[in-house]
Structures are given as C-alpha cells and as structure tokens.
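Everything below concerns the one structure shown next.
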Amino acid sequence: MYRIYSFFIIFFFISCSTDQLSEEDTLSAILGFKEVVLDNVISCAASNKDDKLVSVFLYPRIGATNIQYFETSNDLVDKNDFDNYTLYKYPLTDVFNGYLKKFEVEPSNEKWVIVSYDEDGKTHLSNPIHLKQQSKPTEYLPQNIMVDASSGMPFFSWQDGLYEDTKIYFQVVSDAQHNLLSGTYTFEKMFTYYELDNVVLNITKNTPPVLSDGNPYKFTLMGVSEDNWVNQFSIIEFELK
C-alpha cells in the first residue's frame, strides 16, 4: 500500500510539472487566433560584463502593451517553430528612462528567444534572438570608439573586436540624466550626430536637441550579428570641445 501511494504522489507531481510546461505555455498556443505581425519588434541580447545574466533589449513603440518573453530549451531546436518556445516571467526594467526595455535572464545554456508585445489589436514578434553567452560572450570595448567632438555635430567611428560577423550597429547619444537623444542604426562603422545620410533605421521619436558646450553626454554602441546577438557593447562619455 505504501508503494502504491508513493507511486501515485510521484506520478501526480510529474504530471503537474509536465502540465506547467505544456501546450498552453507555448508561444504557438498563446498566439492562438490572434493577428500576428512577424519580425516587427526591434530586439537583441547581450551577456553582462560583471555577472552571469543576459540582457534582452527591446524597443517598445508608443502604445505597446503586454510585453512577453519566450525561450526554447536549447539552441538545437527549430528557431522558427513556435511550439518550441515557452513563456517565462522575468523582470522587465527600463533603459534610457523607459525609451528601451530589457529582460534580465540567467540561462543555463544557449537558446533561442522571442519577445512580443501587443499594439493596435495585433501581437508583434521579434526575430528569433540567439543567446550565445557561452560561445561568444559580448565584448565590452570602449577603447574601440573614436569621437571628434570639435563641433555641435560630433562624429563617431569605431572598430570591431574579435568577432567578424557583426551586421549592423546601434548607436545612442544620451544626456547626463540618461535620456535618449538619438537612437539610430547604421551598417557603417561611423555616425554623425545628427545626420541621417548613412542611417538605415531610426528610432528617434522627436527632433534631437542641439548639444551644448560643457554638458556631459554618453555614446552607447552595440554591434549586432544577424541572429540578434550583441557582439560588442561600448559606452563612452564626451563633451563638446
């Protein structure tokens, strides 16, 4: 009788654990009959320099709600099969005073991630993000950035680090209060504040302010691979000269 009872308890808990990660928690099931917009959330991920966490960044457009995070069990599964993605509840924090957001996760292995949010009655999904915190930890290389701040339109240029598969560069100019003044993407390793000649994607909502002499500013750079992993993350401070 004791053995039968013990078996029932074990079976009960195994069944409950399996149900918690069942079809109801998959991205496919959660999307259900919703109207879905693919590849329409700007997002990427970087390993942290001082701990084991991975930051999954996203840009929520005005009006975005219900921001959610999904991950696979490993990176060997089909990244395009939504049945492989499970919903997880991780802390969501502000970056640049809420202009961007990030999830802080501590993955035990490399995997694929998708983030989503609702907007205008539709659910928007990011491209699959490949977490590569073990095989390609993000490099922090502020020394690779050069800045010419001799005018009100400072010029930034940079070099890659060890990784050669960076496809696009995200650059942010922010003020001393961490407000994002401009947020742009280029394919080239250069950017002039605030010229858009070589900008391929612009998330700046308003016309950026004119920079002032004597005020401290920051330039943040992310070099992102095709699978949305941040190869290089750099922050430098500058003032107009």
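The values are calculated or read from the model by the stated rules, or taken from the named source; none is laboratory data. Predicted model, so just to flag it, every value in this text is computed and none were measured. All Cβ positions, glycine included, derive from the backbone under ideal geometry; neighbour counts span all protein chains shown.
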* Asked: Which ones in region 98-121 are in contact (Cβ under 8 Å) with a residue 12 or more places away in the chain and within 24 Å of Asp78 (Cβ to Cβ)?
  -> Phe103, Val105, Pro107, Asn109, Glu110, Lys111, Trp112, Val113, Ile114, Val115, Ser116, Tyr117
* To do: Looking only at region 143-152, decide whether some residue is under 16 Å from Ser55 (Cβ atoms) and touching a strand residue (DSSP E or B) at 6+ places or on another chain (Cβ under 9 Å).
  => no
* Asked: Restricting region 209-239 to residues that are more than 30 Å from Lys79 (Cβ to Cβ) and of a type in the set (Gly, Ala, Ser), which is surrounded by the most Cβ atoms within 10 Å (Cβ to Cβ)?
  -> Ser212
* Complete set of residues in region 153-180 that are within 12 Å of Tyr217 (Cα to Cα) and surrounded by fewer than 19 Cβ atoms within 10 Å (Cβ to Cβ) -> Asp175, Ala176, Gln177, His178, Asn179
* Structure fact -> Within region 182-206, residues in contact (Cβ under 8 Å) with a residue 12 or more places away in the chain and more than 19 Å from Ile145 (Cα to Cα) come out as Leu196, Val200, Leu201, Asn202, Ile203, Thr204, Lys205
* Structure fact -> Scanning region 86-97 residue by residue, those within 17 Å of the chain's Cα centre (by Cα) and touching a residue at least 40 places away in the same chain (Cβ under 8 Å) turn out to be Leu87, Phe96, Asn97
* Structure fact -> For region 209-227, pairs from a residue that is in the same structural domain as Leu180 (by TED's automatic domain parsing) and of a type in the set (Val, Ile, Thr) to a residue that is assigned to a loop (DSSP other than H, G, I, E, B) and surrounded by fewer than 20 Cβ atoms within 10 Å (Cβ to Cβ), with Cβ under 7 Å and 6 or more apart or across chains, are Val210/Gly152
